[in-house]
Amino acid sequence: MPMPRHSLSALRSLAARVAGGAAAAALCLGIVASPAAAAASPTGPDVSRWQHGSPLSWAAVKGTGHSFAFVKATEGNGYTNPYFASDWAGTRNAGLLRGAYHFARPSVGSAVGQARHFIAVAGTARGAGDLPPVLDLEQSGGLSPAQLTAWTREFLTETQRLTGRTPIVYTYPHFWRTSMAGTRAFTDYPLWIASYTSAATPVMPAWSRWTFWQYSSTSTVAGIAGKADMNRFNGSLTELRKLANLGPVPKTGATATITARLSASSTTRNKSVKLRGSVAPAVSGQTVYRQGYYSGAWHTWASTKVAGSGSYSFTIKPTKKAVNKYRVYLPATSKRKASASKTVTLTVR
């Protein structure tokens, strides 16, 4: 069973858990693989106050190819994430699609009261780029499955009444089987599943299809210090934009051509190799990112500036025996599409 975003909170005091919410980045103890075929699907992190040990850079998150982010807004019937407002503005300013979530405390206050508190803080999710509101349901609060089902229905109904949007349900398989008795009462709502599995796709009781998949809680994301939750959308970027009240992706200019080559195709541990290449047409001063492939997606490891000639160079010093895949990524601008080099492979002996 995966440990979703709040499981480690049992180790904290009750006061800290109620005031602080869940530690979204401290859940899974290992990296698991997910399907390479899904790597082209839009990806993005989710954050709460626990990611703010260092300032976040939403521009860096966007710049390395992520399309969306979810931000914790509220918890229970009174707590508000102190970083929600700045993250909500930061995601929009960076050009990320964004969604807000509420961590449910069924034992504290009414479902209707919590829904009203959530929407009062997060807004109605009707703006351009806003994803539907999310109910984060992973605690029963001591309620029976029948009682919790009724509580959930009240929250979702009130949220939909206040926003005019169909909310998303975030949960995980074990919780749904046990605390919700596997009910199919909410399959009309989009599912955001937390499942850290090596399977090609996660399996959820009741739902036949997931909309978002939280596939890792130990990902490295440019702009976010430490490990972070990572999610994948089950569809195209155009479909994701439609869900976020936007039309198709605007057309931009031509794609730059990026070459990449390694100074050696194999090496030993702790011995450096160079990853060099060029960008054409040259984009002097533009940042390019060296990305590595794991857990079914590309993740950023380093960045550098493109020289006036269009050239760039990275130094790689691997520490583990493995077959590593790299590429160099150039973010989009208003005049140019995003582009990436072909994948290069380094075998470490």
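The values are calculated or read from the model by the stated rules, or taken from the named source; none is laboratory data. The shown structure was predicted, so the numbers you read here are calculated from the model rather than taken from an experiment. Cβ sites come from the backbone with ideal geometry, for glycine too, and all protein chains shown count toward neighbours. When the accessible area is computed, the model is the full protein with side chains, heavy atoms only, and any ligands, DNA or RNA have been set aside. Shrake-Rupley method; radii C 1.70, N 1.55, O 1.52, S 1.80 Å.
Quick notes on this structure:
- Highest-fluctuation residue, LYS72, LYS337, LYS271 considered, GNM on the chain with Cα pairs under 10 Å: LYS271
- Computed over the range 49-194, the P(r) tail beyond 24 angstrom holds 31 percent of alpha carbon pairs.
- Solvent-accessible surface ranking, highest first, for TYR196, TYR293 at 1.4 angstrom: TYR293, TYR196
- Per-residue ³J(HN,Hα) for the range 91-107, Karplus 6.51 cos²θ - 1.76 cosθ + 1.60, θ = phi - 60°, Hz, x for Gly and Pro: 5, 5, 4, 7, x, 8, 5, 9, x, 10, 10, 10, 8, 6, 10, x, 8
- Highest-MSF residue in the chain out of ASN324, ASN231, ASN270 [GNM, Cα springs under 10 Å]: ASN270
- By accessible area, using a 1.4 Å probe on protein heavy atoms only, the range 142-250 has 54% of its surface on carbon and sulfur.
- Taken one residue at a time, the phi angles of the range 243-259 give Karplus couplings (6.51, -1.76, 1.60, θ = phi - 60°) of 5, 9, 6, 10, x, x, 4, x, 6, 10, x, 5, 8, 6, 9, 10, 9 Hz. Gly and Pro are set to x.
- Measuring nothing but alpha carbons in the range 303-349 and taking Rh as the Kirkwood radius, the Rg to Rh ratio lands at 1.06.
- Of all DSSP-defined beta bridges confined to the chain, some 65% are antiparallel rather than parallel.
- Whether the chain is rounded, prolate or oblate, judged on the alpha carbon gyration tensor where a/c under 1.5 counts as rounded: prolate
- Whole-number accessible area per residue in Å² for the range 63-157, which is evaluated in the context of all protein chains at 1.4 Å: 32 Å²
- CD proxy at 222 nm, helix term only [per DSSP H run n ≥ 4: -39500 (n - 2.57); per residue of the chain; nearest 500]: -5500 deg cm²/dmol
- Mean-square fluctuations from a GNM of the chain, with a 10 angstrom spring cutoff on Cα atoms, peak among THR80, THR166, THR178 at THR178.
- If the Kirkwood radius is taken over C-alpha pairs of the range 274-319, then at 25 °C and 0.890 mPa s the Stokes-Einstein diffusion coefficient equals 215 µm²/s.
- Distance from the alpha carbon centroid of the range 88-104 to that of the range 190-223 works out to 19 angstrom.
- Packing, taken as the mean count of other beta carbons within 10 Å per residue, orders the peptides 42-54, 242-254 from highest to lowest as 42-54, 242-254.
- Shape of the range 116-222, Cα gyration tensor, a/c cut at 1.5: oblate
- Cα shape, the range 191-349, gyration tensor, a/c 1.5 rule: oblate
- Rel. contact order, % - alpha carbon contacts under 8 angstrom, at least six apart, the range 69-151: 35 percent
- Solvent-accessible surface of protein heavy atoms, probed at 1.4 angstrom with all chains present, puts ASP130, ASP188 in the order ASP188, ASP130, largest first.
- Mean separation of Cα contacts under 8 Å (6+ apart) over length of the chain, as relative contact order %: 17 percent
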